[in-house]
Amino acid sequence: MNEKFNFLDEEIEHLKSENRLIKLHILESEQAPVATIDGKKVVNLTSNNYLNLTTHPKVKQAAIQAIEEYGIGTAAVRTIIGTMTMHEELERRLAQFKGTEAAMLTQSGFTANTATCQSLMTSPQDVLISDELNHASIIDGGRLAKAQKKVYRHSDMAHLKEILESDEVKHARRKLLVTDGVFSMDGDICNLPDIVDLCDKHGVITMIDDAHASGVLGEHGHGTVEHFKMQGKVDIQIGTLSKAFAAVGGYVAGPQKLRDYMISTARPFLFSSSQPPSVIATCLAGLDVIENEPERLKKLWDNTRYFKEALTKAGFDTGHSQTPVTPVMVGDSAKAQELSRRLFEEGVFALAIVFPTVARGKERLRTIVTAGHTREDLEFAVEKFVKVGREMGLVK
Ligand code: PMP
């Protein structure tokens, strides 16, 4: 027994008392629309595998071929000898995908956000403006940045305007606004036209985190900017390669000079090793699939519309979601957890999100459909939601 860690007993008890002690669920099959989780075959409504690329034969083949040709890893950071031709090729392709001059890869979407905030916001005379529901990586980016932080109420444009007109922002040296494109817990889309309009008036750089929008929003899946037809109007776009792209990694897309600067200053880029060839090849193949198989995006949205409508018709409250992230509002931690547990028994996996991850009264199940779900999978899931919902008195 190592007594040096006894202090953790109390910490763990505290986490338990706040419903924050996590027990990991184990995926025992591939990440698929119907998967084996914790020993049971279930309809899986929890992954971010929007376009069902995890198992796409061409994407898998690209990874295998890259391993055969280039081995399993780079064993170096990008700035030493961890940059292969394919890393730069992927950066060019991602810049094209996002309609920007350049892009810079990072090891995750998380570090793309922290690196950008930290690299650009280097003085207390700078100001970082953030939506209150932004992702944890943006919050941590703010902690690493030396700037003052200003947080506006979720998508509240009057509050944002008030902040932008404040003396502190007016007199700041550098100004950066960061917003999620799609908010990850509620599935709503940021008010990009008003945000850009306000920021342009006040000389504020705009940065959008498109983790849940890339491959999902817009006619070609290019993200929130394409959704609003605002190509060229947003200064920095952050993306992840771990959701629709189904691999791992992130990127910062924007002006060439931003890339030039960040490859010399972004700490995760400088001090953490680059992605292995298999991952890069997977993402290149994923871009080809997104381009050449538009039917996946269509199916994702057909499934999204069907599932949302069916749940709403059955009497469930799906909040303000406009995307495949669909919350099923319950409003009570114990009930949300019970709903999740009973759905699992019935063969449907949907996780409960409870206080303090979301505010009290906003406890919910968070569901995500993918392009890979069949209509039968979704009908089955809805049938079980209705059955358990009725038994628990959540719907009539
Ligand atoms: N931003 C948002 C909005 C996210 O939901 C996530 C993933 N949870 C990230 C960033 C981080 O992305 P990654 O998993 O690639 O680190």
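The values are calculated or read from the model by the stated rules, or taken from the named source; none is laboratory data. Since this is a predicted model, take the numbers as computed values, not measurements. All Cβ positions, glycine included, derive from the backbone under ideal geometry; neighbour counts span all protein chains shown. What goes into the accessible areas is simple: the full protein's heavy atoms, side chains included, and nothing from ligands, DNA or RNA. Shrake-Rupley method; radii C 1.70, N 1.55, O 1.52, S 1.80 Å.
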Check: If r is the Cβ-Cβ distance from LYS335 to GLU165 and R0 is 35 Å, what FRET efficiency results, to the nearest 0.05?
Finding: 0.25
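Let me check something: with ligands and nucleic acids excluded, how do LYS201, LYS396, LYS335 order by accessible area (1.4 Å probe), largest to smallest?
LYS396, LYS201, LYS335
Quick one: putting +1 on the C-beta of Lys and Arg, -1 on the C-beta of Asp and Glu, what dipole do you get for the chain around its Cα centre, in Debye to the nearest 20? Provide the component values of the computation, followed by the final result.
Numbers: 47 positive and 53 negative charges, 43 e Å.
It comes to approximately 200 debye.
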Next item on the list: Could I have the simple spin-label model distance between ARG390 and ILE67, label points 7 Å from Cα toward Cβ, reported in nm to one decimal?
Entry: 4.8 nm
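Order of 243-253, 358-368 by packing, highest average Cβ count within 10 Å first?
Values: 243-253: 25.8, 358-368: 19.6.
Ranking, from highest mean packing down: 243-253, 358-368.
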Checklist line | Calculated diffusion of the chain, Stokes-Einstein form, Kirkwood radius summed over Cα pairs, 25 °C and 0.890 mPa s, µm²/s | finding: 111 µm²/s
Next item on the list: Could you work out how far apart the two model spin labels at GLU132 and TRP301 are, taking each label as a point 7 Å from the Cα in the direction of the beta carbon, and quote it in nm?
Entry: 3.2 nm
Notebook entry, point to check: Based only on the alpha carbon positions, what is the Kirkwood hydrodynamic radius of segment 262-343, in angstrom?
Noted result: 16.9 Å
Notebook entry, point to check: For segment 251-309 and segment 127-163, what is the separation of their Cα centres, given in Å?
Noted result: 24 Å
Check: With each label point set 7 Å from Cα along the Cα-Cβ vector, what nm distance links ILE22 and GLN256?
Finding: 4.1 nm
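Can you compute the FRET efficiency between ASP200 and GLU291 using 1/(1 + (r/R0)^6), with r the Cβ-Cβ distance and R0 = 25 Å? Round to the nearest 0.05. Numbers along the way, then the final one.
Numbers: r = 31 Å, r/R0 = 1.24.
Once the sixth-power term is evaluated, E becomes 0.20.
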Notebook entry, point to check: Which translational diffusion coefficient, to the nearest whole µm²/s, is obtained for segment 146-264 from the Stokes-Einstein equation, given a Kirkwood hydrodynamic radius over C-alpha pairs, 25 °C and 0.890 mPa s?
Noted result: 162 µm²/s
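Over all distinct alpha-carbon pairs, what is the Kirkwood Rh of segment 1-48 in angstrom?
Numbers: mean 1/r = 0.0751 Å⁻¹.
So the Kirkwood estimate lands at 13.3 Å.
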Margin query: What's the magnitude of the charge dipole for segment 142-259 around its Cα centre, counting Lys and Arg as +1 and Asp and Glu as -1 at the beta-carbon? Answer in Debye, nearest 20.
Written below: 660 debye
Margin query: Accessible area per residue for segment 19-69 in Å², computed with a 1.4 Å probe and the full protein assembly in place, what is it?
Written below: 58 Å²
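Using helices alone, what [θ] at 222 nm do you get for the chain, with -39,500 (n - 2.57) per DSSP H run of 4 or more residues, divided over all residues and rounded to the nearest 500? Spell out each step's value before the answer.
Values: 15 runs with 167 residues, N = 396.
Using -39500 (n - 2.57) per qualifying helix, the result is -13000 deg cm²/dmol.
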Next item on the list: Label segment 57-292 by shape, choosing from rounded, prolate and oblate, from the square roots a ≥ b ≥ c of the eigenvalues of the Cα gyration tensor; if a/c is under 1.5 it is rounded, and otherwise prolate applies when a/b is larger than b/c, oblate when it is not.
Entry: prolate
Next item on the list: Select from LEU217, GLN107, SER272 the residue farthest towards the positive end of the dipole of segment 57-292; place +1 on Cβ of Lys and Arg, -1 on Cβ of Asp and Glu, and compute about the Cα centre.
Entry: SER272
Notebook entry, point to check: In debye, nearest 20: dipole of segment 39-103 around its Cα centre with unit charges on the Cβ of K, R (+) and D, E (-)?
Noted result: 440 debye
